[in-house]
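Written out below as structure tokens is the structure these notes cover.
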Amino acid sequence: MMAKPWIRLLPVMMLTYIIAFMDRTNIGFAIPLMGKELHFSPAILGFASGVLFLGYGVSQTAGGWLADRGHGKALIAWLLVLWGVTELLQAFIQTPGQLVAVRFALGLLEGGIFPTMLLFVRNWFAPSERARANGVWQLSYPLAAMLNGPIAGLVLSHNSWRMLFIVEGIFPIVWVLVWLWGVADSPRKARWLTPSERDAILAKLEEPSATVPALPQASIATSSVGAELRRRPVLLYCAAVFLWNVGFLGFVIWLPSVLHQDKSLSQVDVGWLSAIPFAAAIVVMPILTSLSDRTLNRRFYTAVPILLSGLCLAAAGLTYAGNGLLANMLLITAAGAMLYGSQPVLWSIPADIVSGGVLGTVMGIMNGIGVLGAFAGPYLVGYVRGLSGNFGSGLITMGICLVLSSLLISLIREAQAAPIAAARSTAHLV
């Protein structure tokens, strides 16, 4: 049954990443109360929020290297338990140093997840399915953000910010049993497939090799990591992902605080309102991934949504103070929907531009470089906010970074020209 990877593997991957993303970003809801209780400045809170991604970046390459060697399932099982314990420790911090140390450790333990899951998609799905497959498990981003807001609002309305970390730290420790049941590193290792199902999936994976010519630069199986990292499309992609992450994590971490500028809103109100942009992303994401797989034009369906997101954030920054709640929510919702909606298409590009033999390792390095932007984003917004006294300048900064990211992606010809030529070749053969 060809549907098994779609109905078993991808949902387990998605729910695993939902837990990871909630544990990574729930500090955004704790910041207003934590900062007040512990007397932490916006710059300190922004730095602590972002330092997680330094740890995240450090472990990316190791995670990708292990996944390349077929150990992704075991790796994530261990990480689920370890980062759950670390999330629980976050509930007991008292000083800025403790918060920074725990956040760095949390990032270090979550860093292996992303490249491993990207490699799972490559191991299980043909090129004509990958953007949609990425789109399924990467629905975790908007779904996690949607769930995080109401859950955090509910917990914070009845308990302290410390309880928020305790509640969400328990999830990964329990979920590891489901992860071990539900996934496999490749079809060859999946005991839950029958021989005929395994053969059908492997045949599907082999089909593109006969009809879809690989990129010349990425066609050599023995290509080294160093050689791949010196290639123009890979360099452009790394820079684009860095800037994309500045906007992405700046948006996620500081959105609750932006909404808190309206003093009439309660914790529960902020939680529900913060879910709206991510609900919109759930609608946008399948549309973009479907169009991307249909046309194999990764470049267009990544660059244009990111550009629109950047323009909306810049517009919100320029007009936020004078707008009403409805106008601000429309701009923020459009920005969030396009930003999140572009992500699975964005992360379908590496498989088109990198040699398969080192794909996991190179994707780990790509994301490791990119998450430096995830560190910079929350800190930069917090720093700019401290200088200006308002969030408008922070929103403008995020918007500019996203516009630049869009421009860099538009320069990656290999994310469009070769796949389109391949699609035409396939159509001709048919």
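For this structure, a couple of remarks:
- GNM top mover of 301, 379, 320 - the chain, alpha-carbon springs below 10 Å: 320
- Taking only protein heavy atoms and a 1.4 Å probe, the accessible area of the chain is 71% carbon and sulfur.
- Residue-averaged [θ]222 nm for the chain, counting only DSSP H segments that reach four residues, each worth -39500 (n - 2.57): -26000 deg cm²/dmol
- Whole-angstrom gap from the range 176-209 to the range 1-66, using each part's C-alpha centre: 27
- Rounded to the nearest 0.05, the FRET efficiency derived from the C-beta distance between residue 159 and residue 291 at R0 = 41 Å is 0.40.
- Full extension of the segment from residue 6 to residue 199, taken as 0.36 nm per residue of separation minus the current Cα-Cα distance, would add 67.8 nm.
- Overall dimensions of the chain by Cα: Rg and Dmax, Å: 20.9, 67
- Annotation note: chymotrypsin sites (Phe, Trp or Tyr not before Pro) in the range 4-55 located in DSSP loop regions with a Cβ neighbour count of at most 14 within 10 Å are absent.
- Gaussian network model of the chain, Cα within-10 Å springs - most flexible of 295, 361, 16: 295
- Within the chain, longest stretch clear of exposed trypsin sites (Lys or Arg not before Pro) (DSSP loop, no more than 15 other Cβ within 10 Å): 264-430
- Bins of 5 Å, starting at 0 and running to the largest distance - Cα pair percent for the range 1-63: 4, 14, 16, 16, 15, 12, 10, 6, 4, 2, 1, 0
- Once the 1.4 Å probe is applied to the protein heavy atoms, the chain comes out at 37 Å² accessible per residue.
- Candidate aspartates and glutamates for bridging to residue 73, where Cα separation is under 15 Å - those fewer than 8 sequence places away on the same chain excluded: 110, 185
- Model label sites at residue 36 and residue 178, defined 7 Å from Cα along the beta-carbon direction, differ in position by 3.4 nm.
The values are calculated or read from the model by the stated rules, or taken from the named source; none is laboratory data. Here the structure is a predicted model, which is why all the values come from computation and not from measurement. Here the Cβ is made from the backbone with ideal geometry for all residues, glycine too, and neighbour counts use every protein chain on show. Protein only, heavy atoms only, side chains kept; ligands, DNA and RNA dropped before computing areas. Shrake-Rupley method; radii C 1.70, N 1.55, O 1.52, S 1.80 Å.
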